[in-house]
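Visitor: If you scroll down you'll find the structure; I have some questions about it.
The values are calculated or read from the model by the stated rules, or taken from the named source; none is laboratory data. Keep in mind the model is a prediction, meaning the values are calculated, not measured. Backbone-built Cβ (ideal geometry, glycine too); neighbour counts: all protein chains shown. Accessible surface is based on the protein model in full, side chains and every heavy atom, while ligands, DNA and RNA are left aside. Shrake-Rupley method; radii C 1.70, N 1.55, O 1.52, S 1.80 Å.
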Amino acid sequence: MDREKITLTGAQETMLATLYGKALDSRSPHSILRDHEADKAVQRIDYDFRKTGVKGTTAAGVALRARQLDDWTAEFLAGHSEATVLHLACGLDTRAHRLHPPSSVRWLDVDYPEVLELRERLLPAPTGDYRMIGASVTGDAWLDAVPDDRPTVAVFEGLSMYLRKEDGKRLIQRITARFPSGQLLFDCYGTLGIRLQKLVPAVRNAGASLHWGIDDPREIEGWHDGLECLDALRSVDMPGLDELPVSGRVGMWVLARIPGFRDIGRILRYRF
Ligand SMILES: C[S@@+](CC[C@H](N)C(=O)[O-])C[C@H]1O[C@@H](n2cnc3c(N)ncnc32)[C@H](O)[C@@H]1O
């Protein structure tokens, strides 16, 4: 079978780094996420994955972040059997495959059309009430077409930092205004992380740019009446760090003790 050549660049290309992280993790006997579908997709892609700079510790870090967002999404669905999931900037992530939501859950994977074309060729379609929407999340039309009849969880991993703050704010305000209730689950960089972006090979080598850093998760609460931050986990002390290789554990331990670096990234959960 001919492997898929990659012509995407910038933010779109960075999805190969997170995919590769999950694939590498799945090959480990101590895999955190066991995302074997990610590994199958990697085998079908003609790309020099060394460009991502992702190796053992980074791969495990990507898997831990994804697992945390999976766990929160699953928790939301356990409490809301009829719900809508907006999986924004899905890239080649297989969250719907990993979580197997029941057919009472409406699942929407959203990313740019050219990303979804590749996704269709590389990944099997999940079962259930599943649809893909090809659009920029900053546009209006796609969200207006999503039925507003159910509690809604918006999960977006590896997206906020690529947005400008005003676009991120508008996205959050449009979601929280449209649906009756729900949650927002996403990761973010702090402003120091944004300043140090050239040190991240996946970002630098794809020619991508990061814009929005969040230092105070509570600021977002003021963007919609009743929006409340439930969790703000620092990347340096997220659950499961003991599953990292020793070098990663030591690195995290050191970062957690340096003011500024401690807040370099977070995983956030809000309800509205
Ligand atoms: C680092 S990747 C993360 C992909 C996936 N969430 C994961 O964790 O593997 C960044 C993703 O954000 C998407 N993205 C960036 N800006 C976007 C926008 N304005 N609208 C839709 N998708 C966007 C890119 O196309 C890419 O798939």
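Visitor: Could you check, for segment 184-193, whether at least one of its residues is over 19 Å from Asp263 (Cα atoms) and surrounded by 16 or more Cβ atoms within 10 Å (Cβ to Cβ)?
Guide: Checked against the condition, which is being over 19 Å from Asp263 (Cα atoms) and surrounded by 16 or more Cβ atoms within 10 Å (Cβ to Cβ), segment 184-193 yields at least one hit.
Visitor: Any idea which of (1) in contact (Cβ under 8 Å) with a residue 12 or more places away in the chain; (2) open to solvent by 40 Å² or more (accessible area, probe 1.4 Å); (3) aliphatic (A, V, I, L, M) is the one Val250 doesn't satisfy?
Guide: Condition (1) is where Val250 drops out.
Visitor: Restricting to segment 251-272, and then to whatever is of a type in the set (Lys, Arg) and farther than 13 Å from Asp237 by Cβ, can you tell me which residue is nearest to the chain's Cα centre (by Cα)?
Guide: So, considering only residues that are of a type in the set (Lys, Arg) and farther than 13 Å from Asp237 by Cβ, the one nearest to the chain's Cα centre (by Cα) is Arg269.
Visitor: Ok, one more. Output yes when any residue across segment 120-128 is open to solvent by 50 Å² or more (accessible area, probe 1.4 Å), within 26 Å of Leu268 (Cβ to Cβ) and at pLDDT 95 or above, and no when none is.
Guide: No, because not a single residue in segment 120-128 is open to solvent by 50 Å² or more (accessible area, probe 1.4 Å), within 26 Å of Leu268 (Cβ to Cβ) and at pLDDT 95 or above.
Visitor: Check whether at least one residue in segment 152-164 is open to solvent by 50 Å² or more (accessible area, probe 1.4 Å) and in contact with a strand residue (DSSP E or B) (Cβ under 8 Å, 6 or more places away or on another chain), and report yes or no.
Guide: Checking segment 152-164: not a single residue is open to solvent by 50 Å² or more (accessible area, probe 1.4 Å) and in contact with a strand residue (DSSP E or B) (Cβ under 8 Å, 6 or more places away or on another chain).
Visitor: Something else now. Residues that are in contact with a His (Cβ under 9 Å, 6 or more places away or on another chain) and open to solvent by less than 10 Å² (accessible area, probe 1.4 Å): does segment 130-148 have at least one?
Guide: Within segment 130-148, none of the residues are in contact with a His (Cβ under 9 Å, 6 or more places away or on another chain) and open to solvent by less than 10 Å² (accessible area, probe 1.4 Å).
Visitor: Separate question: Filter segment 1-16 down to the residues that are part of a helix (DSSP H, G or I) and either near the ligand (Cβ under 8 Å from one of its atoms) or not aliphatic (A, V, I, L, M) (or both) and list them by number.
Guide: Within segment 1-16, Gly10, Ala11, Gln12, Glu13, Met15 qualify.
Visitor: Where in segment 122-240 are there helices (runs of 4 or more DSSP H), lying fully within it, with 1 or more residues that are under 20 Å from Tyr20 (Cα atoms)?
Guide: 201-206
Visitor: So, His97, is that one more than 28 Å from Gln197 (Cβ to Cβ), of a type outside the set (Phe, Trp, Tyr) and open to solvent by 50 Å² or more (accessible area, probe 1.4 Å) or not?
Guide: no
Visitor: Right, something else. Restricting attention to segment 24-48, report how many residues are within 11 Å of the ligand (Cβ to nearest atom) and assigned to a helix (DSSP H, G or I).
Guide: Counting residues in segment 24-48 that are within 11 Å of the ligand (Cβ to nearest atom) and assigned to a helix (DSSP H, G or I) gives 2.
Visitor: Looking only at segment 19-64, count every residue that is in contact (Cβ under 8 Å) with a residue 40 or more places away in the chain, acidic (Asp, Glu) and crowded, with 19+ Cβ neighbours inside 10 Å and tell me the total.
Guide: Within segment 19-64, residues that are in contact (Cβ under 8 Å) with a residue 40 or more places away in the chain, acidic (Asp, Glu) and crowded, with 19+ Cβ neighbours inside 10 Å number 2.
Visitor: Among the residues of segment 253-272, which ones are closer than 25 Å to Gly168 by Cβ, open to solvent by less than 80 Å² (accessible area, probe 1.4 Å) and not in a strand (DSSP E or B)?
Guide: If the condition is that a residue be closer than 25 Å to Gly168 by Cβ, open to solvent by less than 80 Å² (accessible area, probe 1.4 Å) and not in a strand (DSSP E or B), then Leu255, Gly260, Phe261, Asp263, Ile264, Phe272 are the ones that fit.
Visitor: Now for a separate question. Of the residues Gly248, Gly240, which is at pLDDT below 95 and at positive phi?
Guide: Of the residues listed, the single one that is at pLDDT below 95 and at positive phi is Gly240.
Residues are listed down the side, and each one gets a yes or a no for (1) away from the ligand (no atom under 12 Å from the Cβ); (2) within 19 Å of Thr176 (Cα to Cα):
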{"position": "Val54", "(1), (2)": "no, no"}
{"position": "Thr57", "(1), (2)": "yes, no"}
{"position": "Phe76", "(1), (2)": "yes, yes"}
{"position": "Thr84", "(1), (2)": "yes, yes"}
{"position": "Pro101", "(1), (2)": "yes, no"}
{"position": "Trp107", "(1), (2)": "yes, yes"}
{"position": "Asp111", "(1), (2)": "no, no"}
